[in-house]
1. Nearest 10 degrees is fine. How inclined is helix 15-26 to the longest principal axis of the chain, computing both from alpha carbons?
2. Give me the percent relative contact order of the chain, please, defined on Cα pairs under 8 angstrom at least 6 residues apart.
3. Seen from all sides and averaged, what is the projected area of the convex hull of the Cα atoms in segment 487-644, in nm²?
4. Taking the Cβ of each residue in 361, 131 as the centre, tally the other Cβ atoms inside 10 Å and list the residues starting with the fewest.
5. Can you put 169, 744 in order, fewest other beta carbons within 10 Å first?
6. Sorted by mean Cβ packing within 10 Å, highest first, what order do the peptides 667-675, 190-198 take?
7. Suppose only helical runs count, i.e. DSSP H with n ≥ 4. What mean residue ellipticity at 222 nm does that imply for the chain under -39500 (n - 2.57) per run, divided by all residues and rounded to the nearest 500 deg cm²/dmol?
């Protein structure tokens, strides 16, 4: 597999400075102790080089070498005695189509992401708003779940109540079943994803049916894809210990190796376990994970296999609240927990994925993928309902056993050709998805009363059993066929993608087929400025009435979403900004005053997003932005709700993070992040709202070597001021309260 080459022009100077500038321009992370290098100087670097060749030339005769520990991450090590290193041979070639895009300056995001059937695409060539968060960000921010990663994105809001990976993107719900795994839907956990085996978290905004194929729900607001870890060129053995207040301890072991004459075989194993109390009163969390990623890289054939299993147990898990009050009470302390002692969630997930890609010719590639997954959950809940402004809460006992079985497959043919001065990348794709949901529910004649501020704990109702037979609740079958052609014109300055996907959806008794078109264009105004526009449609599975509604479990017919978007991307010196303007239209769904979940009228979200990431100044990194969304309901029955603000779409969200390398203490980095969300309605009538809120997070980390072993020490405090607030509206009539001040510590050692 050939490595990507790039042009560099780095002037001579102290070798520590030259290494830092090279790593930044190459978009990789280099961990080293500058004091080890003393006053050694470097002649700099100019010309076209691969990353490994560039490091080798800069470090020639220095007695040190840079070795890759994982994708885009390097450490500086002293060359063993008696070993001589020579500059690598320069290879003038482009990266293979399935190579993971390099990390961007600062290491928090990547230079590109997987664009579904169109393959890996750089940011500046992508006619959509995309962001790919890296494993380095996951580790440095000590992310425990997906919301801890996506809290960096101004267009994403939590809709999962802390225990499920549900989100709002551009004001539309993205269900946990719609998260992709290496391009396949239905493989990621429907019960909350653990991230130790994940290399990238990719976010694509807007309807994505054309590029991503059949999904379980066909989200209108965007898509999330998890990229599994692969073995790097350098052997890796990393052990990490973690601490979460108030006493949750964990261990993570990450091992990667490559084998064969040309390192063509790779294996990456991740194992993790944590257990103990959480920052919330009486809540306990236990989680374990094992993932194995295997791959083969030949001249024409590439194969991979991913296998994983995870277990999660949460006792007395802090709940979300149904609101039956005419006035919203003040949010309780984040530590307060109304959940009853007999509440728990027990979740399991297993998956397997096989993928293959073969180059029939230099310009013709065929690819196939197939995966299976099963998620299981036992849950005892009390459906707490807020009754008044004084915080009175009532609840009942409810038991649920569920099992979700999924199969997902894709096949594609990619052909590169030329007609005159116009280049073509033609892709034919077929995707297939099937999901079965089985449930057994039990409700007991048991009721209790408590309070948000002074919880009252009751003995369990007894009699809850999961021994009853589970029955098939929903069966979703989706198949789609797509064709797309990306035309390259004006010496590759204009990229025009035209495509369509025929998709059929069968859910229980509903059956609908639709051809959804898409057209998207990128014009490279200059090497550092891209203008883009797109129009896309997507067929989506109809919504399902959620638990707690009078018609819970009702399945509604499929529908079509439509998006128009324009934007501009600017790459400055080692940092990039994206400005997007969009409009999305789709049928609306909400809970009415009679507690009936219904589909009525249309929801139209208009807005703009400004995002920034990178390293504007050496040693100073930024990540975040702002999103303004005007979400309104239209064409409702008798105009009753016309013009009212829609759920999950606060008008303004700001997410801004920054990191500083402390020059006086080599290896020390401090960080800060500010989150702001404006007020939003709780009920469809817009009669009550949760207030706006602001959160401050602070952190620090220190990179050093102990006994010639690279060591990373990290500390982070979320919600530093211990602010009390309602942080999300997972659905109309439902709210969740923020977590309290949370301290996270970790230490990693590479052996």
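1. Approximately 60 degrees, to the nearest ten.
2. Numbers: 2243 pairs, mean separation 82.0, N = 751.
RCO, the chain: 11 percent.
3. Working: hull surface 52.1 nm².
That works out to 13.0 nm².
4. Working: 361 9, 131 24.
Least crowded to most crowded, the residues run 361, 131.
5. On the way: 169 27, 744 22.
The fewest-first ordering by Cβ neighbours comes to 744, 169.
6. Values: 667-675: 17.8, 190-198: 23.8.
Order by mean packing, descending: 190-198, 667-675.
7. Working: 5 runs with 35 residues, N = 751.
Calculated from helices alone, the mean residue ellipticity at 222 nm is -1000 deg cm²/dmol.
FYI, it's all coordinate maths here, none of it is from the lab. Nothing here was measured: the structure is a model prediction, and the numbers come from that model. Positions of Cβ are backbone-derived with ideal geometry, glycine not excepted, and every protein chain shown enters the neighbour counts.
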